Amino acid sequence: MEEQLLERLNAAALALKIQKPFDGRTTLATNKQGKKWKRRDPDALQGMVWHQELGWGSIEAVARYHTGPDSHLHAGGVESIAYTFAIRKNGQVVLCNDLDRAPWSQGYAGRKGDENAEFLSVMFEGFFQGTGVDDPSAGHPNDRQLLSGLVLWRICQDLWKWKAGDLYGHFLFGKPACPGDTLQTVVEAVRFNAPKKRKRKFTTVRQRQQGLKDCGFYKWKVDGLWGPGSRAALIAFQKECGLAADGLWGPNTEAALLGKLEE
Ligand SMILES: [Zn+2]
């Protein structure tokens, strides 16, 4: 990351004046149902998930509902979500819970696991329009919230060395209404910039030898010299794939090798 950008982010972090006005369960060892809160390893966090308040009225109410002494249990019998940060309508970022608080297991189809053990959750104050929200009182996050959310994301992205694709919305975990249309668009725009997986190339002799070696056909040193060993390996590979075993490198051979290596 550019030095200049880092300086800007540090200045932004100071400007955000992250505060901790409430914490539902700092001193609680267990919740109302007597279950122990889980702890997670903050270093192991793999990304950030954006949420919206969804009509609770205040971020304090949500935090208390989810993590306070009167917290509910999820239908699955596990504790509810813990937000690490909330972003108020005035753009202020609030620390709701310590980083190692992760009380809720959910996971989703594309990724087995615990979204709160692995991800840092951020809640935007307000009730926003989104898929399945049929309520005229629902609005949109304002510019100050969007700016704070993006700055917070960039600060955390840099601290944890996350990729662009490590920003999620709750909709990606199976809750279509969260965090709502506007924030979903922002999340998708950020994720769109994630580096795409680049296809392997087999332009040079070395690349071809390495490719044949990676799938077990070339047993010798990758030396960049196309000799009898390389040729024999290529013919064996072509036979295995049902291609014309002519020892010549063509598009069919290349496609077959790519397919084999991606298996
Ligand atoms: Zn949510």
Just order 201-208, 117-124 by mean Cβ neighbour count inside 10 Å, highest at the front, would you?
117-124, 201-208
Once you have the Kirkwood Rh of region 188-240 from its Cα pairs, apply Stokes-Einstein at 37 °C and 0.692 mPa s and quote D in µm²/s.
260
Ratio of region 132-263's C-alpha Rg to 2.2 N^0.38 Å, to two decimals?
1.73
Packing-ranked peptide list from 243-255, 152-164, highest mean Cβ count within 10 angstrom first, is 152-164, 243-255
Leaving out ligands, DNA and RNA, what percent of the accessible area of region 132-263 is carbon and sulfur, probe 1.4 Å?
55
Using packing as a proxy for protection, rank 46-52, 218-224 so that the peptide with the highest average count of other Cβ atoms within 10 Å comes first.
46-52, 218-224
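The values are calculated or read from the model by the stated rules, or taken from the named source; none is laboratory data. Small disclaimer: the values here were computed from a predicted structure and weren't measured. Here Cβ is always computed from backbone atoms with ideal geometry, including for glycine, and neighbour counts include all displayed protein chains. Side chains are part of the model used for accessible areas, which takes the heavy atoms of the whole protein and leaves out ligands, DNA and RNA. Shrake-Rupley method; radii C 1.70, N 1.55, O 1.52, S 1.80 Å.
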